[in-house]
Amino acid sequence: MNYKIIWSVLGQLLFLEAVLLLGTWGVAYIYHEDALLSFGLPTFLSILGGMLLKFAGRGFENRMGRREGFLIVSSTWVLFSVVGMLPFLLSGTESRVSCTFFEAMSGFTTTGATVLNNIDSLPHCINFWRTLTHWVGGVGIVFFTIAILPNMGVGEQKLFSAEASGLNIGKLHPRIRTTARWIGGLYFFLTMACAVSLYFVGMTPFDAICHAFSTMGTGGFSTHQTSIAFFDSIQIEYVLILFMFFASINFTLLYLAIIKHRWKDVWKDGELRCFLLILVSVTVVGALVLHLVDHRPWETAVRLSTFHTIAIQSTTGFTTEDFMLWHPSTWMFVAFITMVGACAGSTSGGIKCIRILTIWKAIVNEFRLILHPHAVFPLRINSQPLPPAVVRNVFVFVACYFGLTLFGSIALMAMGLSMMDSVSCCITSLSNVGPGYGYRIGPLDSWNVLPDAALWINSFLMLAGRLEIFSLLLPFIPDFWRDN
């Protein structure tokens, strides 16, 4: 294991967090808020830690293998969350360490579950920091670094592959740095377009920027305790529906559509069609239930169903009302789209539609083979045959997903939570969605009521979900540390 290169890269990444903290300190200056302790000290510690790590890694051998890449990525997210929790702790926003770490991890992993009960009264700098963590974590900390910093000099492809192990970004350019900058530029453009649109339909500039960060990062942190319900604006809801949809789509497809205008290639994408099929189907079911059972007007039923379906499936998690008060027949659909998520290569979480599509095609092929045991039915997506190793990887991922959900749920039930709350918390954490659908942890409830151990478990699940499980679990395998 080349430890020196690990220290060096971690030090460089810590400098990035120092820049982010310094920028948030600037927001405090604009609003005349005292942030010397809450942001000044973390900034100093980030710079000091970065310098110490760079010093420890001086003279590193310019060699990075897969193990170093995975270890750097998993360590980066933990390190960023440890430093990122300090503003909450030092400002007095929350006194429990488990809560502040949970809030930071929820921000960077774009989960959006919160332990705070006084969001409306928080300083502007704290709310800005919460949503900024979403925006950076949306595309990935390492990916963000590759896009904006000077050449790291080592292992960019290894680091990108480790952080995006489950993504299907696609190569826009042979160099990973050029690809990162194209996608980063598109990400920035859509974020600014979202902020401007929200401003023109009634949000203040500060609220518009913060909610644009949360929307394009598919995070869900709001500057208000009641989330989007605070604004009571149909126009704002429609704008958010549009940009949550954009954030759900593979950035490669967005690049082809917006930059290259290759609409036919976009429409031919099998995963996009799968995503649209699930999205439209669940929206229609929700609208019918709201209109026929809850007797809502058609426009209200369609809007509420569309908003909450895209909010949950994109794993953004915004809410305008408590959907657990809807007819219980909708709850299973909520759980389903919470697990599925949106498209690979987007900022969303969940299992991803590409895996759902792969599993469906594998099932259909298996039935065909039972009927015709000597026939050959290659499994194809977008006219490309999938190697058996890819199919195996998908099934292993799904098995690990449900395995972590099972063990996490058992642990939470042992702490006194109901089965529904336990399963809900684990799924929404592992899928990086945010709103729960249980009795104690519902769509508008704070997670502060959970014991410390439960918060640590869900923080682990959030990170596992964001790093596509494998990147986080690999260092726990004994073979990972053996020299082969």
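Electrostatic tally near residue 413: other residues with Cβ closer than 13 Å to its Cβ, Lys and Arg +1, Asp and Glu -1, net 0. Matching the structure-derived Rg and Dmax of the Cα atoms in Å against the labelled list [x] 23.2, 72; [y] 22.2, 66; [z] 21.9, 75 gives the label [z].
Counting only heavy atoms of the protein chains and using a 1.4 Å probe, residue 445 has close to 70 Å² of accessible surface.
As a rough guide to protection, the peptides 252-261, 283-292, 423-432 ranked by mean Cβ packing within 10 Å, highest first, stand as 423-432, 283-292, 252-261. May I ask you to list the residues of the stretch 271-291 whose amide nitrogen lies under 18 Å from a point 7 Å from Cα along the Cα→beta-carbon direction of residue 382? Zone members listed by number: 271-277. Considering only protein heavy atoms and a 1.4 Å probe, what is the carbon-and-sulfur percentage of the accessible area of the chain? Accessible surface attributable to carbon and sulfur in the chain totals 69 percent. Among the listed pairs 264/352; 268/352; 4/54, those with a Cα-Cα distance over 20 Å are 264/352. Per residue, the chain exposes 42 Å² of solvent-accessible protein surface, assessed with a 1.4 angstrom probe and all protein chains in place. Ordering of 14-25, 124-135, 41-52 by packing is 124-135, 14-25, 41-52, highest average first (other Cβ atoms within 10 Å, averaged per residue). Comparing 201, 187, 305 along the charge dipole axis of the chain, the residue lying farthest to the positive side is 187, per the Cβ-charge model. Sorting 312-318, 297-303, 208-214, 434-440 by their mean Cβ neighbour count within 10 Å, with the most densely packed peptide first, gives 312-318, 208-214, 434-440, 297-303. With a Förster radius of 35 Å applied to the beta-carbon distance between residue 476 and residue 55, the computed FRET efficiency rounds to 0.75.
The values are calculated or read from the model by the stated rules, or taken from the named source; none is laboratory data. Since the model is a prediction, treat every value here as computed from it, not as a measurement. Positions of Cβ are generated from backbone atoms using ideal geometry, with glycine treated the same way; all protein chains shown enter the neighbour counts. SASA here: full protein model, heavy atoms, side chains in, ligands and nucleic acids out. Shrake-Rupley method; radii C 1.70, N 1.55, O 1.52, S 1.80 Å.
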